[in-house]
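Here is the structure we will look at.
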Amino acid sequence: MVSRPEVLVGSDARGPGRFATPRTDEPAASSAWALLRQPNFGVYFAGMFLSNVGTWVQSIAAALYVHRLTGSNLQVGLVTFAQFAATMVLTPWTGAIADRYDRRRLLIVTQVASSAASALLALVVWLDVGGVGAVFACTLLLGVATAFFTPAVKSLFPLLVAPANVRLAVGLDSATYNSSRAVGPVIGAGLVATVGFGASFLFNAISYFAFAAALLVLRPRAQTRGPAGAARLRQYLDILRAHPPLVALLVFTAGLSISTDPPGTLGPAFATDVYGLPDTMAGWLLGGFGLGAVLAAFLVVRQTRTPYRWIAVMLGLQAVGSLVFAGSTSLAVGIGGMVLAGLGFLAGQTGASTELQSVDDSIRGRVMAMWSIAFIGTRPIAAVVDGALADRFGVHWAATVLALPVLAAAILAGVIHLRRERPGAVEGAAPGPALGDGAQAGL
């Protein structure tokens, strides 16, 4: 059972002022720039961008720190495992919490907690205590906050815009993550080379506070509370049964996410062992991926009546770019492959995410929790497998194997599209009931 819609604290508190709550009858924004000029979404975009830059600064710094200490690709992969492992374990609770409680307040708490974890990591590095174990512990704490953050933020930002602007908002939200991926690793590598690891981690701590400050002024539309009571796995299974297209969309998301791991886990080894360059050049590989995603932002605003064909083509492009990187023997070729992969990644991810966002708001937190398992929860496994394969067979083979999941997802999307093109199939219809239908079934 889903409770009636209610306005959570802060949604309308300031009336028709600068940060007024978006109306449901507002027309679609004429462009991405027009949407960014709206105070609610513009402030969210700026705060999220800075927070994501900090995350990528810490990600590359942690990878370089552990690689220098151990020289092991597997150990680098284990850092990624620590960062995202909590998502796999806590998702049944974090998704339900995002549906039940004020998402904006929940996000502020997660940002403060994340800032504390990053500041602690900076401190232990400056004091040179704990070694790799301390990095793992602090990263694990940060991962717990991330497990609560992801479903809450992914279900909040559609409420910052009118329903007609949700698709555009999804594309811009993906763009802020990936544009930060273009600059964050490069900034992180530069900070490591100039001021050290501790300052890099402190930069991330400050970026979390910046996003918390942005959240304080936002006024989202009314949030529909989810059902009270304990979170149960059955709730998630009921949602999947009521919305069959979700399963395929989550598979696409998992495939494209798994295949993004090699430049992060294997980047330092590619830079030193393959390209014969300093390990900080790994930041340019991640930056190339982010650059491709920025270029893709110009494509994601388009409407399409064949979403599965679009997803198939874009995931195929990501697979090609990933394989180019896997076989690269120079930094220029590696970056070129990453640009292609990033372009396909963002466009494919946005296509899948837009379909997912069409669910009823009362279950959006739990749907986004399942998305976080597919997008984030698969990363720990991918990182460990990636690092282990690289130590055993070499980085080229490891990167090749990790490109296969997104290739398989592209083929699956293509098969679904062809089934929809059969005589009698409805163009643009999902293979099953629309995601917005039957949202309360089984709950």
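The values are calculated or read from the model by the stated rules, or taken from the named source; none is laboratory data. Every value quoted in this text rests on a predicted model; they were computed, and no experiment measured them. Reconstructed Cβ throughout: ideal geometry from the backbone, glycine too, with neighbour counts over all protein chains shown. These accessible areas exclude ligands, DNA and RNA; they are computed on the full protein's heavy atoms, side chains included. Shrake-Rupley method; radii C 1.70, N 1.55, O 1.52, S 1.80 Å.
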Margin query: Looking only at region 158-209, how many residues end up being β-branched (Val, Ile, Thr), within 20 Å of residue 287 (Cα to Cα) and open to solvent by less than 10 Å² (accessible area, probe 1.4 Å)?
Written below: 1
Margin query: Which count do you get for residues in region 170-198 that are modelled with pLDDT of 80 or more, in a helix (DSSP H, G or I) and small (Gly, Ala, Ser)?
Written below: 7
Check: How many residues does region 119-138 contain that are assigned to a helix (DSSP H, G or I), over 10 Å from residue 197 (Cβ atoms) and open to solvent by 60 Å² or more (accessible area, probe 1.4 Å)?
Finding: 3
Checklist line | Failed condition for residue 296, given (1) in contact with a Leu (Cβ under 7 Å, 6 or more places away or on another chain); (2) farther than 27 Å from residue 165 by Cβ; (3) of a type outside the set (Phe, Trp, Tyr); (4) buried (at least 24 other Cβ atoms within 10 Å of the Cβ) | finding: (2)
Item checked: Scan of region 319-366 for residues that are among the aliphatic types (A, V, I, L, M), farther than 30 Å from residue 281 by Cβ and in contact with a Phe, Trp or Tyr (Cβ under 9 Å, 6 or more places away or on another chain), ordered by number -> 352, 356
Notebook entry, point to check: Hey, residue 324 hits all of (1) buried (at least 21 other Cβ atoms within 10 Å of the Cβ); (2) modelled with pLDDT of 95 or more but one; which does it fall short on?
Noted result: (1)
Note to self: With the requirement that a residue be closer than 16 Å to residue 131 by Cβ and either in contact with a strand residue (DSSP E or B) (Cβ under 9 Å, 6 or more places away or on another chain) or buried (at least 20 other Cβ atoms within 10 Å of the Cβ) (or both), what does region 75-108 give you?
What the structure shows: 76, 78, 79, 82
Note to self: Any residue in region 54-66 that is under 18 Å from residue 176 (Cβ atoms) and of a type outside the set (A, V, I, L, M, F, W, C) sitting within a Cβ distance under 6 Å of a residue that is in a helix (DSSP H, G or I) and modelled with pLDDT of 90 or more? List the pairs, counting only those 6 or more apart or interchain.
What the structure shows: 54/203; 54/204; 54/207; 58/201; 58/204
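Could you check, for region 85-92, whether at least one of its residues is in contact (Cβ under 8 Å) with a residue 12 or more places away in the chain, closer than 20 Å to residue 360 by Cβ and assigned to a helix (DSSP H, G or I)?
Yes, that holds for at least one residue.
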Check: So is residue 81 at pLDDT 75 or above, within 23 Å of the chain's Cα centre (by Cα), more than 21 Å from residue 153 (Cβ to Cβ) and not in a loop (DSSP other than H, G, I, E, B) or not?
Finding: yes
Notebook entry, point to check: Looking at region 259-287, which of its residues are part of a loop (DSSP other than H, G, I, E, B) and either surrounded by fewer than 21 Cβ atoms within 10 Å (Cβ to Cβ) or over 18 Å from the mean Cα position of the chain (by Cα) (or both)?
Noted result: 266, 275, 276, 277, 278
Next item on the list: Can you give me the number of residues within region 342-363 that are farther than 15 Å from residue 242 by Cα and β-branched (Val, Ile, Thr)?
Entry: 2
